[in-house]
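Written below as structure tokens is the structure these notes are about.
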Amino acid sequence: MTRSILICCLLSLTLTATRAGAQETAPLEFALADFPPYFQLDGKGEPSGPVLDLTAALFAEAELPYSIRAYPAARLYNRLQQGQTSVSMAGDGHPGMLAGALQGNTPIFNLALNVYRKPQQPPIHSVADLAGNSVILMGAYSYGALGQQLRAPGASVRVAPANSHASALQMLLHDRAHYLLNYADPMRGLLSGLPLNSVVSDPLLRMDVYLFVSRAHPDAEALRDRLDTALRALEERGEVQRILDAADYNQ
């Protein structure tokens, strides 16, 4: 073999190895639709919320590179089906996700939407129990179909908007409304500083949140299992709850 042919062969092998390495280390796209208070776009259009820190910890534990993106829900589902988005996150059994993705086996966290009240107010067992009462809602949150129902012109509920979780709690404490509808994670730290039983809560909605891995990914099941393993390691060390507890939910 002449020297020139040998050099050409070595260059070809080097380029092939470089391309294979680039494919192996290409960042996985992790994408979400608007999911407050855990993930949303801030005033500058940048993603914010504790899911950013959760994702960073998860992919670091799994030793996988990633990039994070935000899309409208319909576009996100399409990207999962096409394999352009590799990983996402949503509630258990989410139909839009399952159309193009495998659901993980380990819940990331539990989304808990509660009704908060002073002890003298009657407990709330369903949305219908809120009729005829005033309810504090976070102005930045839609609360999905439930929020639309409560804010509808014909609803017999007086909505009192709040600009922050702290101000919402103060409104409740100062009798600006009968009830406060909010998520458990942003309320946990605020309630810890109050006298015992000054505010109580009634569960309104509970939902486990899971990872979803695109079925179009070339090794979807292995990727799902790898991320599940990493997630379990984080949860065993208490990292997931630590991130949720430390988050700034007013961003």
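The values are calculated or read from the model by the stated rules, or taken from the named source; none is laboratory data. No experiment lies behind these values; they were computed from the predicted model shown. No Cβ is skipped: glycine too gets one built from the backbone with ideal geometry, and neighbour counts run over all protein chains shown. Surface accessibility is based on the protein's heavy atoms, side chains included, excluding ligands, DNA and RNA. Shrake-Rupley method; radii C 1.70, N 1.55, O 1.52, S 1.80 Å.
Can you pull the Rg over Rh of the chain, Cα-only, Kirkwood?
Here the Rg-to-Rh quotient is 1.12.
If you place +1 on the Cβ of every Lys and Arg and -1 on the Cβ of every Asp and Glu, how big does the dipole about the Cα centre of the chain come out, in debye to the nearest 20?
Rounded to the nearest 20 debye, it is 520 debye.
From the backbone phi of region 209-214, what are the Karplus-calculated ³J(HN,Hα) couplings (6.51 cos²θ - 1.76 cosθ + 1.60, θ = phi - 60°) in whole Hz, Gly and Pro given as x?
Values per residue, Gly and Pro as x: 9, 10, 7, 10, 10, 4 Hz.
Once every DSSP H run of n ≥ 4 in the chain is given -39500 (n - 2.57) and the sum is divided by its residues, what mean residue ellipticity at 222 nm do you get, rounded to the nearest 500 deg cm²/dmol?
-12500 deg cm²/dmol
Could you order peptides 34-42, 125-133 by the average number of other Cβ atoms within 10 Å of their residues, highest first?
Top of the packing list down: 34-42, 125-133.
Can you work out the PRE-style zone for Q120? Point 7 Å along Cα to Cβ, and I want the residues of region 146-184 with backbone N under 20 Å.
Answer for region 146-184: 169-181.
So, with +1 on the Cβ of K and R and -1 on the Cβ of D and E, and no other charges, what is the size of the charge dipole of region 19-127 about its Cα centre, to the nearest 20 debye?
Dipole magnitude for region 19-127 comes out near 360 debye.
Shape of region 114-172 from its Cα gyration tensor (a ≥ b ≥ c, root eigenvalues): rounded if a/c is under 1.5, otherwise prolate when a/b > b/c, or oblate?
Numbers: a/c = 1.72, a/b = 1.04, b/c = 1.66.
Oblate shape, in that a/c is at least 1.5 and b/c is the bigger or equal ratio.
Tell me which of S164, A184, P218 sits at the most positive position along the dipole axis of the chain, charges placed on C-beta atoms (Lys, Arg +1; Asp, Glu -1).
S164
Give the residues of region 146-174 whose amide nitrogen is closer than 13 Å to a point set 7 Å from the Cα of M207 in the direction of its Cβ.
146-148
So, with a 1.4 angstrom probe, what is the percent of accessible area on region 166-251 that is carbon and sulfur?
Carbon with sulfur: 48 percent of the solvent-accessible area.
Treating only the Cβ of Lys, Arg, Asp and Glu as charged (+1, +1, -1, -1), what charge dipole size does region 135-216 show about its Cα centre? Round to the nearest 20 debye. Write down the numbers at each step before the final one.
On the way: 6 positive and 4 negative charges, 37 e Å.
The dipole magnitude comes to about 180 debye.
Using θ = phi - 60° and the Karplus form 6.51 cos²θ - 1.76 cosθ + 1.60, what ³J(HN,Hα) does each residue of region 73-81 get, whole Hz, x for Gly and Pro?
3, 4, 5, 4, 4, 5, 5, 5, 5
Could you work out how far apart the two model spin labels at A99 and R237 are, taking each label as a point 7 Å from the Cα in the direction of the beta carbon, and quote it in nm?
Modelled inter-label distance: 3.8 nm.
By DSSP, what percent of the beta bridges with both residues in the chain are antiparallel, rounded to the nearest 5?
Close to 65 percent.
Over the alpha-carbon set of region 157-248, divide Rg by the Kirkwood Rh and report the Rg/Rh ratio to two decimals. Please report the intermediate quantities before stating the final value.
Numbers: Rg = 18.6 Å, Rh = 16.5 Å.
Result for region 157-248 is an Rg/Rh of 1.13.
Relative contact order of region 167-251, please, whole-number percent, based on alpha carbon pairs below 8 angstrom and at least 6 residues apart.
31 percent
Which residue, R237, R158, R176, has the most motion in a Gaussian network model of the chain that connects Cα atoms within less than 10 Å?
Among R237, R158, R176, the largest GNM mean-square fluctuation belongs to R237.
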